[in-house]
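K.L.:
Have a look at the structure that comes next, please.
The values are calculated or read from the model by the stated rules, or taken from the named source; none is laboratory data. Since the structure is predicted, the reported quantities are computational estimates derived from the model, not experimental observations. Counting neighbours? That spans all protein chains shown, and the Cβs are built from the backbone with ideal geometry, glycine included. Note: accessible area is taken over every heavy atom of the protein model, side chains too, but ligands, DNA and RNA are not part of it. Shrake-Rupley method; radii C 1.70, N 1.55, O 1.52, S 1.80 Å.
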Amino acid sequence: MTIRTRFAPSPTGYLHIGGVRTALFNWLLTKRMGGQFVLRIDDTDADRNRPDALNPILEGFQWLGIQWDEGPQVGGPHTPYFQSGRLEVYQNAAFSLLEKGLAYPDYMTREELDADRQLADQQKRAYIHRGPLRDHSKEENRLRYQEKSAPIRLRIPENKTLLVDDLICGPCKQDSNLVGDPLILRADGRALYNFASVVDDISFGITHIIRAREHLSNTYAQTVIFEALGASMPKFAHIPVVNEPKSKKKLSKRDMAKFVTTEVRAKLKSVGFTDDQINNRDDLNPATVSYYRELGYLPEALVNYLARLGWSLDDKTEFIPIPELISHFSLERVNDSPASFDPDKLFWLAGEYMKILPKDKKIAGCLPFLEKANLLHDPADSQTLDLIESIISAAGERIKIFSDIIPLATPFLKPIIERDPQAVDKFLKPPGTANLIKSFSEKIETASPFDAMTLDQYLHDFCKATDLKPGKLVQPIRVALTGTSVGFGLFDTFAILGRDESLERLGQAVLISG
RNA sequence: GGCCCUAUCGUCUAGAGGCCUAGGACAUAGCCCUCUCAAGGCUAAGACUCGGGUUCGAAUCCCGAUAGGGUCACCA
């Protein structure tokens, strides 16, 4: 038997880190076992859906390389994969339960329901709903429903022990008297998640349900639905939730705005986002996938990181590329306890993946960021492309995420160099600096060839002759050439700038240095 | 509050009764390398929540406490 898994996001407009991790576990297990991974869109709650909210989710998965075997865009034997297009299926299923007396209409008003709930709250007990009609005959209930439609509830059997044999949590049980009768169909015929989900899982032939731990307590009621619908039980695996960084709180979809710290905001602005965009787009924060995409993280790194969050290969391996992930992933090695999301570790891993990225891909990845930062205009000519290639080569492992190219390339692509006032004060202002720069500048006027190796030699010879520590000269020159005190190798900087531009900038610096 | 789940360095984790003086990774600190920054190398600091059992022996098994989390919707 091949396994079939699913991930069922609701179209919210963004792909949440916690959700994508769940999807990833599903996908990895499916790939490992050679089954099918189904993407199903849970859009039964029309109030919460926005028409443009699906694409970001699909694009997010595609960017990560998590390809679904059935679902939107790719189709499959169970079309449609949108719950909004399957209302009749749920209705028929609900009606069949009504016919069999396994469900009943509930005419209680919201006010009555609320009153009951409040009472339960006052008495400090859980609210367990039992509708007045649950024990009436199925004929009576059916007639009543035909006269006047109403929400339909599942009838949870009394005095039973509900069992969920979970692949991660182990055998879990619950007294059915503690499980309220869940609503499965609204009066207007729209199904509720708990029901639609099970109906679809049955008709799609889902064999393994891997989902977040918060669904465990829903599962007891769902087992009753599976049974009522005459279906065999799939295997369940409830994975621990993802917590906020350095916290024991769930990384929630609510209130993601709080993750937009001043630091995060600065990063987003550095790649070209405006405050308005940051405030108005709900996917520009570290709890979503697109945040990392917009900052230039390699998708492989996010996948690797997320896979390691709550799962481990062994006692030491951290760097696990996707093919290895697929060949080694197993539910047995999924942890029992929640895991906090650690942006630092993700960043480190992103750097590890960047180290092994072929140069052409690195260049291709950097270009859009240079464009967005207005350092480059769309079709860059081949000369500019050559320039960028040499910048990226010189930058080496300093580029960990693509957006790192921006500060590194700025001094070479901006027509006017901006000098960091602090760097100027520290390295250009001290007395004697002007003369130093001037005399070194004169020395290299005739350097040939004007390349990194030659200039390196010139500088060291110059320092030896003047009995100067190289660092004392390197930093002022760096500020003279790039305006900043940090950057890649100085001699690469010279070579990239070329003789004329280098001498020009040294000349400017002499004036500033006074 | 009821029910359920969880508990190893700040964080991710290894650990299936003796291989544990608890291992690795990220982050942190120091040193080395060096042309600043990265990268790299070395080193340091840093954890079994607590209390009872069981056992010759417990991070590991059991019970209890504590703490955290989840859930109790006409949300998904």
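K.L.:
Which of the residues that make up segment A:265-279 are under 11 Å from A:GLU294 (Cβ atoms), among the aliphatic types (A, V, I, L, M) and part of a helix (DSSP H, G or I)?
P.N.:
A:LEU268, A:ILE278
K.L.:
How many residues are surrounded by fewer than 23 Cβ atoms within 10 Å (Cβ to Cβ), assigned to a loop (DSSP other than H, G, I, E, B) and more than 8 Å from RNA strand B (Cβ to nearest atom) if we restrict to segment A:297-314?
P.N.:
Residues that pass the stated criteria total 1.
K.L.:
Could you pull out the residue among A:GLY60, A:GLY75 that is under 22 Å from A:THR44 (Cβ atoms) and either within 16 Å of RNA strand B (Cβ to nearest atom) or in contact (Cβ under 8 Å) with a residue 12 or more places away in the chain (or both)?
P.N.:
Details: A:GLY75 fails: either within 16 Å of RNA strand B (Cβ to nearest atom) or in contact (Cβ under 8 Å) with a residue 12 or more places away in the chain (or both).
When all the criteria are applied, what remains is A:GLY60.
K.L.:
Kindly establish whether A:ARG110 is within 12 Å of RNA strand B (Cβ to nearest atom) and either open to solvent by 70 Å² or more (accessible area, probe 1.4 Å) or closer than 20 Å to A:ASP200 by Cα (or both). Don't jump to the end; show me each part of the working.
P.N.:
On the way: within 12 Å of RNA strand B (Cβ to nearest atom): yes; either open to solvent by 70 Å² or more (accessible area, probe 1.4 Å) or closer than 20 Å to A:ASP200 by Cα (or both): yes.
The answer is yes for A:ARG110.
K.L.:
Buried (at least 20 other Cβ atoms within 10 Å of the Cβ), under 19 Å from the mean Cα position of the chain (by Cα) and in contact (Cβ under 8 Å) with a residue 40 or more places away in the chain: is that true of A:VAL289 in this structure?
P.N.:
Values: buried (at least 20 other Cβ atoms within 10 Å of the Cβ): yes; under 19 Å from the mean Cα position of the chain (by Cα): yes; in contact (Cβ under 8 Å) with a residue 40 or more places away in the chain: yes.
Yes.
K.L.:
Pairs only if they're at least six apart or on different chains, beta carbon under 9 angstrom, first in segment A:204-223 and of a type in the set (Lys, Arg), second within 9 Å of RNA strand B (Cβ to nearest atom); list them, first residue then second.
P.N.:
Hits for this filter: A:ARG211/A:ALA8; A:ARG211/A:HIS238; A:ARG213/A:ILE168; A:ARG213/A:CYS169; A:ARG213/A:HIS238; A:ARG213/A:PRO240; A:ARG213/A:VAL241; A:ARG213/A:PRO338.
K.L.:
Within segment A:340-354, count every residue that is more than 8 Å from RNA strand B (Cβ to nearest atom) and either open to solvent by 50 Å² or more (accessible area, probe 1.4 Å) or over 13 Å from A:GLU318 (Cβ atoms) (or both).
P.N.:
2
K.L.:
Within segment A:462-495, take every residue that is of a type in the set (Phe, Trp, Tyr) and within 8 Å of RNA strand B (Cβ to nearest atom) and give me the one that is nearest to A:PRO421 (Cα to Cα). Steps first, please.
P.N.:
Within segment A:462-495, the first condition is being of a type in the set (Phe, Trp, Tyr), and the residues that meet it are A:462, A:488, A:491, A:494.
When the remaining residues are screened for being within 8 Å of RNA strand B (Cβ to nearest atom), the result is A:488, A:491.
On the way: A:PHE488: 20, A:PHE491: 23 Å.
Here the residue is A:PHE488.
K.L.:
Which pairs have Cβ atoms under 6 Å, sit 6 or more apart or on different chains, and link a residue in segment A:306-320 that is over 16 Å from A:GLU352 (Cα atoms) and without any contact (Cβ under 8 Å) to a residue 40 or more places away in the chain to one that is open to solvent by less than 40 Å² (accessible area, probe 1.4 Å) and not aromatic (Phe, Trp, Tyr)?
P.N.:
A:LEU313/A:ILE320
K.L.:
Restricting to segment A:155-178, count the residues that are more than 8 Å from RNA strand B (Cβ to nearest atom), within 16 Å of A:GLN222 (Cβ to Cβ) and part of a loop (DSSP other than H, G, I, E, B).
P.N.:
Total satisfying the criteria: 5.
K.L.:
Looking at segment A:363-377, is at least one residue out of contact with any His (no Cβ under 9 Å at 6 or more places or on another chain), under 30 Å from A:GLU501 (Cβ atoms), within 16 Å of RNA strand B (Cβ to nearest atom) and assigned to a helix (DSSP H, G or I)? Can you show your working first?
P.N.:
Initial filter on segment A:363-377 (out of contact with any His (no Cβ under 9 Å at 6 or more places or on another chain)): A:363-370, A:372-377.
Of the ones still in play, those that are also under 30 Å from A:GLU501 (Cβ atoms) are A:363-370, A:372-377.
Cutting the leftovers down to within 16 Å of RNA strand B (Cβ to nearest atom) gives us A:366.
This time we only want the ones that are assigned to a helix (DSSP H, G or I), so: A:366.
Within segment A:363-377 (the criterion being out of contact with any His (no Cβ under 9 Å at 6 or more places or on another chain), under 30 Å from A:GLU501 (Cβ atoms), within 16 Å of RNA strand B (Cβ to nearest atom) and assigned to a helix (DSSP H, G or I)), the answer is yes, since at least one residue qualifies.
K.L.:
Yes or no: A:ASP166 open to solvent by less than 70 Å² (accessible area, probe 1.4 Å), modelled with pLDDT of 95 or more and of a type in the set (D, E, K, R)?
P.N.:
Details: open to solvent by less than 70 Å² (accessible area, probe 1.4 Å): yes; modelled with pLDDT of 95 or more: no; of a type in the set (D, E, K, R): yes.
No: the conditions fail for A:ASP166.
K.L.:
Among the residues of segment A:179-189 satisfying the criterion of being within 8 Å of RNA strand B (Cβ to nearest atom) and in a loop (DSSP other than H, G, I, E, B), which is farthest from A:GLY85 (Cα to Cα)?
P.N.:
Residues of segment A:179-189 within 8 Å of RNA strand B (Cβ to nearest atom): A:180, A:182-183, A:186-188.
With the extra rule that they be in a loop (DSSP other than H, G, I, E, B), the set shrinks to A:180, A:182, A:186-188.
Working: A:GLY180: 28, A:PRO182: 22, A:ARG186: 16, A:ALA187: 18, A:ASP188: 15 Å.
It comes out as A:GLY180.
K.L.:
Could you please find all residues in segment A:5-35 being in a helix (DSSP H, G or I) and open to solvent by 10 Å² or more (accessible area, probe 1.4 Å)? Show your work before the answer.
P.N.:
Pass one, segment A:5-35, residues in a helix (DSSP H, G or I): A:17-33.
Residues satisfying the conditions are A:GLY18, A:GLY19, A:THR22, A:TRP27, A:LEU29, A:LYS31, A:ARG32, A:MET33.
K.L.:
Assess whether A:ASP276 counts as being at pLDDT 95 or above and more than 9 Å from RNA strand B (Cβ to nearest atom).
P.N.:
On the way: at pLDDT 95 or above: yes; more than 9 Å from RNA strand B (Cβ to nearest atom): yes.
Criteria met by A:ASP276.
K.L.:
Based on this model, can you work out whether A:ARG125 counts as open to solvent by 100 Å² or more (accessible area, probe 1.4 Å), part of a loop (DSSP other than H, G, I, E, B), farther than 17 Å from A:ALA187 by Cβ and within 14 Å of RNA strand B (Cβ to nearest atom)?
P.N.:
Numbers: open to solvent by 100 Å² or more (accessible area, probe 1.4 Å): yes; part of a loop (DSSP other than H, G, I, E, B): yes; farther than 17 Å from A:ALA187 by Cβ: yes; within 14 Å of RNA strand B (Cβ to nearest atom): yes.
Yes, satisfied.
K.L.:
Of the numbered conditions (1) modelled with pLDDT of 95 or more; (2) within 14 Å of RNA strand B (Cβ to nearest atom), A:LEU506 fails exactly one; give the number of that condition.
P.N.:
(2)
K.L.:
Determine whether A:ALA196 is near RNA strand B (Cβ under 9 Å from one of its atoms), hydrophobic (A, V, I, L, M, F, W, C) and over 26 Å from the mean Cα position of the chain (by Cα).
P.N.:
Numbers: near RNA strand B (Cβ under 9 Å from one of its atoms): yes; hydrophobic (A, V, I, L, M, F, W, C): yes; over 26 Å from the mean Cα position of the chain (by Cα): yes.
So A:ALA196 passes the test.
K.L.:
Can you tell which of A:ALA115, A:ALA93, A:ALA103 is more than 19 Å from A:ALA231 (Cα to Cα), open to solvent by less than 60 Å² (accessible area, probe 1.4 Å), away from RNA strand B (no atom under 11 Å from the Cβ) and more than 33 Å from the chain's Cα centre (by Cα)? Steps first, answer last, please.
P.N.:
Details: A:ALA93 fails: more than 19 Å from A:ALA231 (Cα to Cα); A:ALA103 fails: more than 19 Å from A:ALA231 (Cα to Cα).
The match here is A:ALA115.
K.L.:
Do we find that A:LEU143 is out of contact with any helix residue (DSSP H, G or I) (no Cβ under 6 Å at 6 or more places or on another chain), open to solvent by 20 Å² or more (accessible area, probe 1.4 Å), free of Cβ contacts under 8 Å to residues at least 24 places away in the same chain and more than 10 Å from RNA strand B (Cβ to nearest atom) in this structure? Steps first, answer last, please.
P.N.:
Working: out of contact with any helix residue (DSSP H, G or I) (no Cβ under 6 Å at 6 or more places or on another chain): yes; open to solvent by 20 Å² or more (accessible area, probe 1.4 Å): yes; free of Cβ contacts under 8 Å to residues at least 24 places away in the same chain: yes; more than 10 Å from RNA strand B (Cβ to nearest atom): yes.
Answer is yes for this residue.
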